[in-house]
Amino acid sequence: MNVVDKARVKPAAKLLSGNNACALGAVAAGCRFFAGYPITPSSEIAERLVTLLPQAGGVFIQMEDEISAMAAVVGASMGGAKAMTATSGPGFSLKQENIGYAAGAEIPCVIVNVMRGGPSTGMPTRPSQADVMQTRFGSHGDYPMIVLAPASVREIYSETIRAFDLAETCRTPVILLYDQVIAQSSETVALEPPTTPRAERKWATGPREEFKPFAVGPDGIPAMAKPGAGYRVHTTGLTHSETGFPSQDPETVNRNLGRLFSKLERHREQIDSWEAVQCDDADVVIVAIGISSRAARRAVEICRASGVRAGLFRPITLWPFPEAPLCAATKNARAVLVPELSIGQLRLEVERLLGRDKVEGLHQFSGEPITPAQIAARATALASEA
Amino acid sequence: MAATRFEVRFGGTGGQGLLLSGKMLADALASEGKNVAQSQTYEPTSRGGFCNADLVIANGEVDYPLPIAFDCLVLLDQLAIKPSWSRTKPNALVIADTRNCPDLPAGDYPCHHLPLSRTAIELGSERVTNIVALGALLELSGICKRASIERVLRASSPRSFLDLNLDALAAGYALAAPVAAAAS
Amino acid sequence: MFTDAPNFDVRDYLRLEMMPHFLCPGCGHGIALRALLWALHDLAIDKDKLAIVSGIGCAGRLSAYIDANTFHTTHGRPLAFATGLALARPDLHVVVISGDGDCLAIGGNHLIHACRRNLKLTCLMLNNEIYGMTGGQVSPTTAETRLTTTTPLGNNEPSFDACALASAAGAGFVGREVTRHVPKLKELMKAGLEHPGFAFIEVLTDCTEVYGRKNELGSSPEMIMRQKSDMRPSAYRNTVDTPFHPTSLPTGILMQNDRPEYGAAYRRAAALAAAKGAKK
């Protein structure tokens, strides 16, 4: 502890937990409405926002259940507020109904899911990464989803801000997904408020008579009619036409649902985010998110020190999955290792892209995080097998 | 090679202010340009049961934020020994309270059995045992400047507790000073 | 046309492009909708500032017909959506339209907490004693012994008195009316819309096509004529303060108080907190 690299951390750095960074990021992003329900290990977000939001002119409310918290968030956003809720597995399951509504009716909002051990009530104070597929496919029907997976306190702050920006830009719900360790551990950080302007919602302008609430331009994003602005439109969870009114006309349904997916594809440049560490010459590339990616980062160092060429690929945007960057990062690798706190969800996606032959899982669902030593040992074995 | 890591555990029981000691130390280290990650174990028994604050200190980024093997163990209750011992490095610095942690595992390791809680009681409140321990830790480990921790203590103590906290910190340093001198 | 409403033309408040509506012939929901629009007209509530939030079911579909900011939400949740909307936009007049299944079964938890919270919202529960849209299943207000597709031997569950429930849960305003008395229904809705806190209004309407037919209750006019007599022998037994009389179902404003409204109280506390925060 003799060498002090003063340049790396600003003097104002303070110990801050992931959940607190999320609350601070939300306010910095312009969040002015939070509805939630107490649940471990996400409650610190609500407990911080209950103070921060009124100071920023916003509203905090603890609702009667997880379902109503999600509904209230969508309701507030329909009124024009940037809105968020936060929960964990059992609550996330309950929220699926209205997450689907937000996706279908294209209501921007941010949902934080702090992963704890499951299934069911599971292990409230232990980490898990077994909601990877639920964040993508949790509600019924076909709909796209943006899921961001920060892996540090600093990144929770910046990704919370990005979550709001993407929600507003793409008029869609965005899920922020991280595990109990990242949520409740603290790190010394000096948070820098964003210097770029925040994304704001595209509001309807122009004559009321000609306005169609779900008609779009080339970006695929319909302008939203703000209640009170005179447009008096209808919003529904039923499949609807450009007029906003229910329709089951096959051509209309095809066009509108197809657009839900294509609108995200058109914004992939803004949505995609990943980190590739020492992948170019790696024989083994480790693909991981959250606390497992932190262990993998150290495992890469351990491997490299013993002559094993390992690398790390870390999706920061988990869904839509950064397909091309993963393929590029693993091009030269002989094996790909996916350590995760689940029986194999992230691995399924990596296998889909790279084939089953090349991909190995390191799965642990005991509630204990996977250690750097475990990953390093497995990566070393894979390097010698390959 | 991976960035230098130095791992500290404050181990004891719920209500001893372990997380607060950890936070003050982390903020002091951050002011010196170091990075710190702090974690704790959440147990259903956190009130009255085993409680810990684990710090991973690094010059660069902390890659893995959870402890792997402790370089330093501060024990304020007997309860903390069992869950901590197997994860402590063989030559780790161990600081233990004489009153609450009387029986330490046998072995040849640098252990400092100090009257941390008794000193706090003599100062007027057992509640500042964590600050006495912090002073002793810093005297023996030298991981952080005294001025840095004092600055944090002044900034974060409630006014009514500031003098007591400063006295406790000084007492901790004083308690460990002869030991530190003997060792050097 | 009602002769006592010379200036009121229901078409001014309807989305005529949505006509014809999808309600069955004889359904009472249209009468309830007309009474609501009449009340809004009488109170001169600006359509641009009016938000209608509805759930799922026959009642839930009504929002699409109203020329306002309308939100057709998920089953049982309109009160929760409306809570977020009203808190984020206190300048809007928020009205919830729900049904007996939507409001009392799947959304029962939201109802009792909306009553308790007392946020300014007007909640109309259109009670036709049946899940009509899904084909006529038993609901929480179906009277005992009635036949439905899921009670082929007769309903053997007691039913809710929604007004007693809302009163007990703390609603600032509770009222009940039947579709038989349109001007009275309109006046009750006006009182509810003007109430500064949470207003719960139960509107007893008839499902002729599904419920009436299955139970041989006669034509729509016959069902309406019986609305205050023998329709609901079990629904209100021993559940309201007023002893049950088959011929005198309590209607009108059943309860009104001046408990503090949630939104205004929140904004006052928030402004204080903000001022304190600014001082620091």
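Summary of packing: across the peptides C:75-82, C:197-204, A:189-196, the per-residue average of other C-beta atoms within 10 Å ranks them, highest first, as C:75-82, C:197-204, A:189-196.
Short-range pairs are left out: with C-alpha atoms under 8 Å and at least six residues apart, the relative contact order of chain B is 21 percent. Taking the fewest neighbouring Cβ atoms within 10 Å as the starting point, the ordered list for B:His112, A:His140 is A:His140, B:His112.
Taken as entire DSSP H runs, the helices of chain A that both span 15 Å or more between Cα atoms along their own long axis and average -1.0 or more on the Kyte-Doolittle scale are A:18-29, A:43-55, A:66-78, A:89-105, A:153-170, A:250-265, A:290-305, A:372-385.
Order these by the 10 Å Cβ neighbour count, fewest first: C:Trp38, A:Trp274.
A:Trp274, C:Trp38
Both numbers refer to the Cα atoms of segment A:1-143; Rg and Dmax are 16.7, 57 Å.
Helix C:108-117 and the longest principal axis of the C-alpha atoms of chain C enclose an angle of approximately 40°. Taking A:Ala296, A:Ala163, A:Ala305 in turn, the Gaussian network model of chain A (Cα-Cα springs below 10 Å) assigns the largest fluctuation to A:Ala305. Peptide A:298-308 is shielded by partner chain Cβ atoms: per residue, an average of 2 of them sit within 10 Å of its Cβ. Compute the Kirkwood hydrodynamic radius of the protein assembly as shown, taking the inverse of the mean of 1/r over all pairs of distinct Cα atoms, and give it in Å to one decimal. Kirkwood hydrodynamic radius for the protein assembly as shown: 29.8 Å. Taken about its Cα centre, segment A:227-386 carries a charge dipole of about 200 debye when Lys and Arg each add +1 at the Cβ and Asp and Glu each add -1 at the Cβ. Close lysine pairs were tallied over segment C:24-279: pairs 8 or more places apart or on different chains with Cα atoms under 26 Å apart number 15. Which percent, to the nearest 5, of DSSP beta bridges fully inside chain A are antiparallel? Bridges in chain A that DSSP calls antiparallel: roughly 30 percent. Size check on segment A:166-244: the Cα extents along the three principal axes, sorted descending, read 55, 31, 27 Å. DSSP beta bridges fully contained in segment A:14-189 are about 20 percent antiparallel. Under the convention that each Lys and Arg Cβ holds +1 and each Asp and Glu Cβ holds -1, the size of the dipole of the protein assembly as shown around its Cα centre is about 1220 debye. Take every Cα pair under 8 Å whose residues are at least 6 apart in sequence, average their separation, divide by the length of chain A, and the relative contact order is 15 percent. Segment A:46-73 and segment A:250-292 have Cα centres separated by 30 Å.
Listed from fewest to most Cβ neighbours within 10 Å, the set B:Cys111, A:Cys327, C:Cys115 follows the order A:Cys327, B:Cys111, C:Cys115. Under 20 Å from a label point set 7 Å out along the Cα-to-Cβ vector of B:Ala181, the amide N atoms of segment B:96-113 belong to B:111-113.
Counting Cβ atoms of other protein chains within 10 Å of each Cβ in A:97-108 and taking the mean gives 2. Scanning residues 5 or more positions from B:Gly49 or on other chains, those with amide H under 5 Å from its amide H are B:Gly14, with H placed 1.01 Å from N in the peptide plane.
Comparing B:Arg99, B:Arg159, B:Arg127 in a Gaussian network model of chain B where C-alpha atoms under 10 Å apart are linked, the largest mean-square fluctuation is found at B:Arg159.
Dividing the summed -39500 (n - 2.57) terms of all DSSP H runs of n ≥ 4 by the residue count of the protein assembly as shown sets its mean residue ellipticity at 222 nm at -11000 deg cm²/dmol.
The residue among C:Pro78, A:Ala35, A:Gly122 whose Cα reaches farthest toward the positive pole of the charge dipole of the protein assembly as shown, with charges on the beta-carbon of Lys, Arg, Asp and Glu, is A:Ala35.
Rounded to whole numbers, the Karplus 3J(HN,Hα) couplings from phi for segment C:25-37 are x, x, 5, x, 4, x, 5, 4, 5, 4, 4, 4, 5 Hz, using 6.51 cos²θ - 1.76 cosθ + 1.60 with θ = phi - 60°, and x at Gly and Pro.
Using only side-chain charges placed at the Cβ, +1 for Lys and Arg and -1 for Asp and Glu, the dipole size of segment C:24-279 relative to its Cα centre rounds to 760 debye. Only Cα pairs under 8 Å and 6+ residues apart enter the sum, and on that basis the relative contact order of segment C:24-279 stands at 20 percent.
Give me the angle, in degrees from 0 to 90, between the Cα long axis of helix C:262-279 and the longest principal axis of the Cα atoms of chain C, rounded to the nearest 10. Relative to chain C, helix C:262-279 is tipped by roughly 20 degrees.
Across segment B:16-28, coupling constants 3J(HN,Hα) worked out from phi with the 6.51/-1.76/1.60 Karplus curve, θ = phi - 60°, read 8, x, 5, 5, 5, 4, x, 5, 5, 5, 5, 5, 5 Hz, and Gly and Pro carry x.
Expressed to the nearest 5 percent, the antiparallel share of DSSP beta bridges inside segment C:24-279 is 20 percent. Peptide A:143-153 shows a mean partner chain C-beta count of 1 within 10 Å per residue C-beta. Here the alpha carbons of segment C:24-279 define both size measures, Rg and Dmax, at 18.2, 70 Å.
Considering only C:Thr134, C:Thr251, C:Thr74, the Gaussian network model of chain C with Cα springs below 10 Å gives its largest mean-square fluctuation to C:Thr134. The packing ranking of peptides C:96-102, A:105-111, highest mean first, is C:96-102, A:105-111, where packing means the average number of other beta carbon atoms within 10 angstrom of each residue. Note on chain A: lysine pairs with Cα distance below 16 Å, sequence gap of 8 or more or different chains, count 8.
Each reported figure results from applying straightforward, stated rules to the coordinates on display, with no laboratory input. What you are looking at is a predicted structure, and each value in this text was computed from that prediction instead of being measured. Don't worry about glycine lacking a Cβ; one is built from the backbone with ideal geometry, like all the others, and counts go over all protein chains shown.
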